[in-house]
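The values are calculated or read from the model by the stated rules, or taken from the named source; none is laboratory data. Remember, predicted model here, so these are calculated numbers, not experimental data. Glycine also receives a Cβ, built like all others from the backbone with ideal geometry; neighbour counts cover every protein chain displayed. The area values use the complete protein model at the heavy-atom level, side chains included, leaving out ligands, DNA and RNA. Shrake-Rupley method; radii C 1.70, N 1.55, O 1.52, S 1.80 Å.
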Amino acid sequence: MTQRIAVLGATGSIGDSTLAILAAHTQDYNVYALSGYQRLDKLFALCQQFEPMRVCVPAAAVDDFAQRLDEAGLSIDVVSGDSGLIDIATDTQVDTVVAAIVGAAGLPSTLAAARAGKRILLANKEALVMAGQVMIAAVKSHHATLLPIDSEHNAIFQCLPPAIQQNNTHIHESNHGVRRLWLTASGGPFLQQSFEQMQQASVAQAVKHPNWSMGQKISVDSATMMNKGLELIEACHLFDLPESKINVVIHPQSIIHSMVEYSDGSFLAQLGSPDMKTPIAHALSYPERIDSGSQPLDLYALSGLEFIKPDLHKFACLRLARQAMQAGTQATIILNAANEIAVAAFLASRLRLTDIANINEQALTEIQVPLLDENADIDDILAIDRLARRHTEALVAEMA
Ligand code: NAD
Ligand code: MG
């Protein structure tokens, strides 16, 4: 049966990889809906190529976009804003939602997809960092399916026993001999450079990742290793484990995408070329396998695989993520919000790269909010997110 897919964040890097796979498998997948926020010319071209039933654009662009589609003879329902994204994510015609919007902006639609019982291919890690408990509870109670396409989490998923995969990936203490998870990290563009060199990094240097081609925000997060911090929190929620059971190891070649360590001493790893098409194709077709179009790994050409312990002085964001996870959801919301503001300020050349960690730490220490318990709802979460953004804007203004 053809799977009908909504790609939210279709104009981004994950959107590109997803649509390349869908274009090569039109008999199995139908592109039912798309969304884009910037680069609307690209979104228009995607509408011409895939002719979806629905498209979501920013509110200010609806009339223009609808007119362009009309003039091109395309009859596509145009919706807008958060409500438009939620409309698409919950559309009864949609089987699978690819959650590929960057940042907190992706949370409402991803959560709505969970509450509508959809199959969710999750790239938007920030949704779990902000609302892990609410998201996982919604997935369970509405019988949704959550499949990670973040490469590390997808690798771990592939290395878990089928019984855990089918139980929405939840590992319990005594279960199936899982001892700990190992998240691999490339170490980013500054792995071989000193803290002082990192301090002087330009935007162009920071977003130039050695192994992966990605959007700007996640590229900066990789340079500071905040990305691995966010992924640590993502993994805690996804696999129901405390942060103490998840180790991070730098593996500069990005060939092993993560590992599961078992009590008998076995380490299971998933390997592949650094290409997001592999985890996306895995999740699209799970439990089957399809051709992703990625370059097969050439084992004969590999010269060696290295593993290095991360330096938590240089990569303080990783330490902050563990602290926030220990402190609770309110802290992971603050860290995520502060980081989004600090990264935007760095990309606008208002902060140095190494100031991102300072800003994040200051936000975590200074912002006082009540502890969130497991009954917290999305409004409580968004209220803390807004407060943390305002506070961090002021911190950036002070430092800039
Ligand atoms: P990107 O910047 O390339 O694309 C982001 C997409 O979100 C675009 O379609 C953009 O139009 C849309 N968007 C941006 N702001 C929005 C807003 N306010 N409202 C609605 N839509 C908005 O980002 P990306 O690299 O594709 O990353 C997307 C998500 O996937 C992120 O959460 C990232 O952490 C995660 N991820 C990305 C990669 C990768 O290789 N790029 C790997 C793993 C995980
Ligand atoms: Mg990743």
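Ranking Ile86, Leu147, Gln38 by Cα position along the charge dipole of the range 3-148, where only Lys, Arg, Asp and Glu carry charges on their C-beta atoms, puts Leu147 farthest toward the positive end. Entry note, the chain: the mean residue ellipticity at 222 nm calculated from DSSP H runs of n ≥ 4, each adding -39500 (n - 2.57), is -14500 deg cm²/dmol after division by the residues and rounding to the nearest 500.
Using only the Cα atoms of the range 104-203, build the gyration tensor, take square roots of its eigenvalues as a ≥ b ≥ c, and label the shape rounded, prolate or oblate: rounded if a/c is under 1.5, else prolate if a/b is larger than b/c, else oblate. Since a/c reaches 1.5 but b/c is at least a/b, the shape of the range 104-203 is classed as oblate.
Could you tell me which of rounded, prolate or oblate describes the range 3-148, using a ≥ b ≥ c as the square roots of the eigenvalues of the alpha-carbon gyration tensor, with rounded for a/c under 1.5 and, failing that, prolate when a/b is larger than b/c and oblate otherwise? Taking the square roots of the gyration eigenvalues as a ≥ b ≥ c, the range 3-148 is prolate. Counted over the range 130-285, the DSSP beta bridges are approximately 65% antiparallel. Length gained on full extension, Ala45 to Asp64: 5.4 nm, using 0.36 nm per residue less the C-alpha separation.
Classified by the C-alpha gyration tensor, the chain has a rounded form. Its axis ratio a/c, with a ≥ b ≥ c, is below 1.5. Rounded to the nearest 20, the Cβ-based charge dipole of the chain about its Cα centre (Lys and Arg +1, Asp and Glu -1) stands at 560 debye.
Across the chain, the longest piece that holds none of the GluC sites (Glu not before Pro) lying in DSSP loops with up to 12 other C-beta atoms within 10 Å covers 1-172. Placing dummy labels 7 Å off each Cα toward the beta-carbon, the span from Gln326 to Arg352 is 2.8 nm.
Helices of the chain meeting both criteria, an alpha-carbon length of 30 angstrom or more along the long axis and an average Kyte-Doolittle score not below -0.5, with helices taken as full DSSP H segments, are 378-399. Computed from label points 7 Å out along Cα-Cβ, the spacing between Arg390 and Asn175 is 4.0 nm. Take the Cα of His143, step 7 Å toward its Cβ, do the same at Lys208, and the gap between the two points is 5.2 nm. Here the range 1-65 is treated with +1 on each Lys and Arg Cβ and -1 on each Asp and Glu Cβ, and its dipole about the Cα centre works out to around 140 debye. In percent, rounded to a whole number, the relative contact order of the range 188-277 is 21, using alpha-carbon pairs under 8 Å and six or more apart. Scoring 53-59, 77-83, 160-166 by mean Cβ neighbours within 10 Å over their residues and listing the highest first yields 53-59, 77-83, 160-166.
The accessible-area ordering, largest first, of the residues Ile136, Ile88 stands as Ile136, Ile88, per a 1.4 angstrom probe.
Based on C-alpha pairs under 8 angstrom that are at least 6 apart in sequence, the range 160-312 has a relative contact order of 29 percent.
Other residues whose C-beta falls under 10 angstrom from the C-beta of Leu312 contribute a net charge of +3, scoring Lys and Arg +1 and Asp and Glu -1.
What the Cβ-Cβ distance of Phe267 and Ile378 gives, at R0 = 41 Å and to the nearest 0.05, is a FRET efficiency of 0.60.
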